[in-house]
Amino acid sequence: MISNAEIKIIISEEFQNKHYGLEALKRLIEYGFNKLNLEEISLTVYSNNYRALHLYKKIGFIPYKIEEKVAIINGESVDTIYMKLH
């Protein structure tokens, strides 16, 4: 049985561009793998959230599933991207 968890972070606009998202993710991942002995951590992100996608890929998350046209945000149809880290 795979031990896994799903994470989500939200950084308020006033705290963006200060690397808080990167630090929060690093700490969550470290705790999950080293203290909770997780085998996999997953998350979801909208396809128009380019900054988050860049961060998740930088850390090593890999996309494994896409649900197309799940929402309309600011007049743009967006997909949900499912990502995981082992």
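Just checking, which of LYS69, LYS57 is under 21 Å from ILE11 (Cβ atoms), charged (D, E, K, R) and out of contact with any helix residue (DSSP H, G or I) (no Cβ under 9 Å at 6 or more places or on another chain)?
None of the others qualify; the one that does is LYS57.
Which ones in segment 8-20 are open to solvent by 60 Å² or more (accessible area, probe 1.4 Å) and under 19 Å from ILE81 (Cβ atoms)?
LYS8, ILE10
Any chance you could count how many residues in segment 71-86 are outside any loop (DSSP other than H, G, I, E, B), surrounded by 11 or more Cβ atoms within 10 Å (Cβ to Cβ) and touching a residue at least 24 places away in the same chain (Cβ under 8 Å)?
10
Looking at ASN49 and the list (1) open to solvent by 30 Å² or more (accessible area, probe 1.4 Å); (2) more than 16 Å from ASP79 (Cα to Cα); (3) modelled with pLDDT under 95, which single condition is not satisfied?
So ASN49 meets the others, but not (2).
Every residue, every condition in (1) closer than 13 Å to LEU85 by Cβ; (2) part of a helix (DSSP H, G or I); (3) open to solvent by 100 Å² or more (accessible area, probe 1.4 Å), yes or no:
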| site | (1), (2), (3) |
| --- | --- |
| ALA5 | yes, no, no |
| LEU22 | no, yes, no |
| ASN34 | no, yes, yes |
| LEU38 | yes, no, no |
| SER42 | yes, no, no |
| LEU53 | no, yes, no |
| TYR56 | yes, yes, no |
| TYR64 | yes, no, yes |
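The values are calculated or read from the model by the stated rules, or taken from the named source; none is laboratory data. Since the model is a prediction, treat every value here as computed from it, not as a measurement. We place every Cβ from the backbone using ideal geometry, glycine too, and count neighbours over all the protein chains shown. Keep in mind that these areas ignore ligands, DNA and RNA; they rest on the heavy atoms of the full protein, side chains included. Shrake-Rupley method; radii C 1.70, N 1.55, O 1.52, S 1.80 Å.
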